[in-house]
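Q: First the structure, then my questions, so here it is.
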Amino acid sequence: MLGSNISAASFLLTGFPGLEAAHHWISIPFFAVYVSVLLGNGTLLYLIKDDHSLHEPMYYFLALLAGTDLMVTLTTMPTVMGVLWMNQREIGYGACFLQAYIIHSLSIVESGVLLAMAYDRFIAIHTPLRYNSILTNSQVMKVGFGVLVRGFVPIVPPILPLCWFPYCHSHVLSHAFCLHQDVMKLACADITFNRVYPVILAALTFFLDALIILFSYVLILKTVGGIASGEERAKALNTCVSHISCVLVFYITAIGLTFIHRFGKHAPRVVHVTMSYVYFLFPPFMNPIIYSIKTQQIQRGIIRLFSEHSRA
């Protein structure tokens, strides 16, 4: 039952179960990661917009990745920090459903962007002389728009029923943000569709994307193997290192989260919650670092940006 001071049309968010007394201390690393994600991805977006040498398909897709990571963080972290800082746990139905919709949509978008970046690397290495004619600005815009549509449209069917489900069980959610799987479990209705549809959707997006990315790199390695010069082979592969690293960060955390939810039923609840935060925060935190370390053009842009500010 809900407390008398909680609206009947609200859910209650949860921080770290059993560690409520330490929430203020836990908020310190979370806030540090939050600021780092905003600065890192915001800097990437600014550099790509400001530096004309970065106006290439590879960096346009990187900008889409950075924008997606920013949106994921801006969608999840305000409620997380509200719970950790001020114990602000109540969230209205509408806000909760919208947050869940955006979070799940952006997860599919991120997978789609990584797939688009794999396509970009394949074209750059397999047909380098036709790279600019194949990946024109209009083509990049079409791919980017397709990635966004593919992310936001398929999430509508499982989210809409949440709006008319009756909620007569506990209104307490398992995280400090709203997720579809958390909300549907609280409904007093037939949730068969909401259980089955996400599994099919995940198989048709995340699993299929991962297979296509893997296949693209098999073709890339085959192409690189045919390059006579060892120096040219190393140069071609080096352009893929950043993307491969981001793919591994995203899919390893996704696999880890899935593994914990499916097979870690006897693990402490705090382990499940922590893994969810890792999934939503670690890729946005790591992606700017990976590209800053491995991409010389980004490094030069960052150095130039800091030197301009130091002279100002």
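Q: Using a Förster radius of 25 Å, what is the FRET efficiency between Leu204 and Thr258 based on their Cβ-Cβ separation? Nearest 0.05, please.
A: 0.95
Q: Quick check for me: using +1 on Lys/Arg Cβ and -1 on Asp/Glu Cβ, what's the dipole size of the stretch 177-240 about its Cα centre, in debye to the nearest 20?
A: Rounded to the nearest 20 debye, it is 100 debye.
Q: Note down the magnitude of the dipole of the chain about its Cα centre, charges +1 on Lys and Arg C-beta and -1 on Asp and Glu C-beta and zero elsewhere, to the nearest 20 debye.
A: Dipole magnitude for the chain comes out near 400 debye.
Q: Could you list Cys178, Cys163 so that the one with the fewest beta carbons within 10 Å of its beta carbon is first and the one with the most is last?
A: Listed from fewest to most nearby Cβ atoms, that is Cys163, Cys178.
Q: Taking the Cβ of Pro128 as the centre, find all other residues whose Cβ is under 14 Å away and add up their charges (Lys, Arg: +1; Asp, Glu: -1).
A: Residues near Pro128 contribute +1 overall.
Q: If each residue of separation counts as 0.36 nm, what is the full-extension length gain between Phe193 and Lys235 once their alpha-carbon separation is subtracted?
A: Difference between extended and current length: 10.3 nm.
Q: Checking understanding here: applying a Kyte-Doolittle mean of at least 1.0 and a length along the axis of at least 30 Å (C-alpha), which whole DSSP H helices in the chain pass?
A: What comes out of the filter, once short or polar helices are dropped, is 57-86, 93-126.
Q: Plugging the Kirkwood radius over Cα pairs into Stokes-Einstein for the chain, at a temperature of 4 °C and a viscosity of 1.567 mPa s, what D comes out in µm²/s?
A: 61
Q: In straight Cα distance, which lysines are under 22 Å from Lys222, not counting same-chain residues fewer than 8 positions off?
A: Lys235
Q: Cut-off under 25 Å on the C-alpha distance; same-chain residues fewer than 8 positions from Lys49 excluded. Which lysines are left, in chain and number order?
A: Correct list for Lys49: Lys142, Lys294.
Q: Could I ask something else about it? Taking 7 Å along the Cα-to-C-beta vector as the label spot, tell me the Leu12-Leu219 distance in nanometres, rounded to one decimal.
A: 5.3
Q: Continuing with this model, one more query. Between Ile212 and Val172, what is 0.36 nm times their sequence separation minus the Cα-Cα distance? Round to one decimal in nm.
A: The span from Ile212 to Val172 would gain 10.5 nm if fully extended.
Bear in mind these aren't lab numbers, they're just calculated from the coordinates by the rules spelled out. Model, not experiment: these values are computed from the prediction. Every residue, glycine as well, gets a Cβ built from its backbone with ideal geometry; the counts of neighbours run over all protein chains shown.
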